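Structure first, commentary second.
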Amino acid sequence: MTSGSFKMLNSSRQRLFPAARRATVQTSVTSTSLRLFSVSAHRRADFTHAVIGGGVVGLAVARALAERAASVAPSSSSSSVLLLERHNTVGTETSARNSEVIHAGLYYGPDSLKTQLCIRGRQLLYGFCEEYGVAHRRTGKWIVAQTPGQREALEKIYAFGQNYHDRDAIPLQWVDTDEAKQREPAVRAEAGVLESLATGIIDSHGLMQTLLGLFEQAGGVLAPGSPVTKITPLGDSGTGSGGWQLCVKPTDADADVEETVVTAETIVNAAGLGAAAIHNMITQGHDSSHLERQEPMQLYYAKGNYFSYAHSQPRVSTLVYPAPEPGLAGLGTHLTLDLAGRIRFGPDVEWVTDPTDLAVNADQLPQAIEAIKTYLPGVDPTALQPDYAGMRPKLVKAGQGAADFVVRNEPGYQGWVNLLGIESPGLTSSLAIGEMVEKLVYEI
Ligand SMILES: Cc1cc2nc3c(=O)[nH]c(=O)nc-3n(C[C@H](O)[C@H](O)[C@H](O)COP(=O)(O)OP(=O)(O)OC[C@H]3O[C@@H](n4cnc5c(N)ncnc54)[C@H](O)[C@@H]3O)c2cc1C
């Protein structure tokens, strides 16, 4: 994906799902239609589920819940799912600013949710792409080592794959020197190449369009331009036992709409970079004296800068990653390909304080060139240009290691599924997160 490919999902959605699009336009929570929603009795919430955040994860969750709700109560008009997105289009934040790699799940340890959801998500994603015609390719990926220390890192990854309880789930193989030279003559790998066969690339926008279409076909309601500004747990104990009230302040400048209120029996916080703000609206914003006082939750932000490559040489046909470095908040400046075969490099790691600071930092370019030259010595530095940047919502600060995904029924509350720190491999994991949230909500 390049910056030029931040497509308007709505326009292509019209082609794919014309009926669904009409439904959205009529029910968007941006206009007078919202005035029809009442702050109803707790037992009769406006919606069964409200999902906050229309990135790839919110879309996958909303689709799973909408299909589930439709199967539980196919004829009930009250059983429905509302997807609230602050921007006028879904999928314009982190889900539109990543490497679009379908990860194998090599880096996160045997017991982490990241490993579990990445592997399950990848398996679901390949099946989903086949079924719905979402563009993707199993490119494979090389992890390359230049030093004995890096070779050791590759051996650890290989052993992890071999020892994983389902060994077939993480197919890995060593590529010997002759074969490596023949297959990718431009790639330097002094101390070894480990190949991940399950890795691929995907059109993330195509995935989101399709999820949105399925969500709407199942009766889900998309509310674009609807930032959630306040959330109140309902019920005597303030735990959400009586449902949830959400305030939305529509961003549509033309509409004479004040803050609007909607209720739901359950809520899912899938707000990505905004997830801590949503969390704090609940834990800090009402009388929670029955609960232990919580500190406000804080996210930390690690920007990843990407650089496009305009030269046709050297040619590379697989993804190339350096050996992982302990303590680095990313996977190292790697080489990925888009579906048209174009090379791009990144993302690096730049800690910032402002999550909206998405300008590519060209000062990072010399550092990126050094990193790239280690595995692609023939790279032409003059053909590298700042491209786009994405923002990782981190649960821990620089230097504090890696945190796992948080996907849980929030303790002390009823009907609140909280998703925090959904950084990479969140795109790969999205369908598995949808599945997991469905299980949490329906207690299966
Ligand atoms: C540099 C980089 C590279 C990556 N590469 C990969 C990769 O190759 N493969 C992979 O699997 N993963 C990758 N990831 C991770 C992946 O992109 C994310 O995990 C995934 O996109 C997160 O999706 P999301 O829906 O949780 O978040 P988002 O896409 O950020 O969506 C959250 C949505 O919530 C909305 N929102 C926020 N606050 C509110 C509010 N108050 N009211 C209403 N709406 C709100 C936002 O507008 C946004 O649309 C990468 C991430 C980064 C940063």
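Give me the number: length gained by fully extending Gln182 to Val72, i.e. 0.36 nm times residue separation minus the C-alpha to C-alpha distance, one decimal in nm. Mind dumping the intermediate values first?
Details: separation 110, 0.36 × 110 = 39.60 nm, distance 5.55 nm.
Extra length from Gln182 to Val72 when fully extended: 34.0 nm.
Could you tell me the relative contact order of segment 97-249? Use alpha-carbon pairs under 8 Å, at least six residues apart, and round to a whole percent. Spell out each step's value before the answer.
On the way: 199 pairs, mean separation 38.6, N = 153.
Normalised by residue count, the contact order of segment 97-249 is 25 percent.
Please list, in order along segment 219-228, the HN-Hα scalar couplings obtained from phi with the Karplus expression 6.51 cos²θ - 1.76 cosθ + 1.60 (θ = phi - 60°), rounded to whole Hz, x for Gly and Pro.
x, x, 10, 8, 10, x, x, 10, x, 7
For Arg392, enumerate residues with amide H under 5 Å from its amide H, sequence gap 5+ or separate chain, H modeled in the peptide plane.
Residues meeting the amide H criterion: Ala302, Lys303, Gly304.
Can you grab the distance from the C-alpha centre of segment 392-408 to the C-alpha centre of segment 156-233, Å, no decimals?
19
Taking every eigenvalue of the Cα gyration tensor of segment 77-180, multiplying by 5 and rooting it, what semi-axes result, largest first, whole Å? Before the final figure, lay out the partial values.
On the way: eigenvalues 229, 56, 45 Å².
In descending order, the three semi-axes are 34, 17, 15 Å.
Arrange the following residues from fewest to most other Cβ atoms within 10 Å of their Cβ: Asp404, Asp166.
Working: Asp404 17, Asp166 7.
Going from sparsest to densest Cβ surroundings: Asp166, Asp404.
Could you give the dipole magnitude of the chain about its Cα centre, charging the beta-carbon of Lys and Arg +1 and that of Asp and Glu -1, in debye to the nearest 20?
Working: 37 positive and 46 negative charges, 134 e Å.
It works out to roughly 640 debye.
Relative contact order of the chain: what whole-number percent is it, with Cα pairs under 8 angstrom and at least 6 residues apart? Kindly include the intermediate steps, with their values, before the conclusion.
Working: 985 pairs, mean separation 104.6, N = 444.
Result for the chain is 24 percent.
Could you size up the charge dipole of segment 169-238 around its Cα centre, putting +1 on the beta carbon of Lys and Arg and -1 on that of Asp and Glu, and report it in debye to the nearest 20? Numbers along the way, then the final one.
Numbers: 4 positive and 9 negative charges, 61 e Å.
In debye, rounded to 20, segment 169-238 gives about 300.
Within the P(r) computed for segment 293-444, what percentage of the Cα pairs occupies the region above 23 Å?
Values: 5401 of 11476 pairs.
The answer is 47 percent, as a whole percent.
Using all C-alpha to C-alpha distances in the chain, build P(r) with 20 Å bins and read off the rounded percent in each one.
Reading the bins upward from 0: 25, 55, 19, 1.
Laboratory data are not the source of any read-out in this text; all were calculated from the coordinates shown. As the structure is a computational prediction, the values presented were derived from the model and not from experiment. FYI the Cβ positions are ideal-geometry reconstructions off the backbone, even for glycines, and counts take in every protein chain you see.
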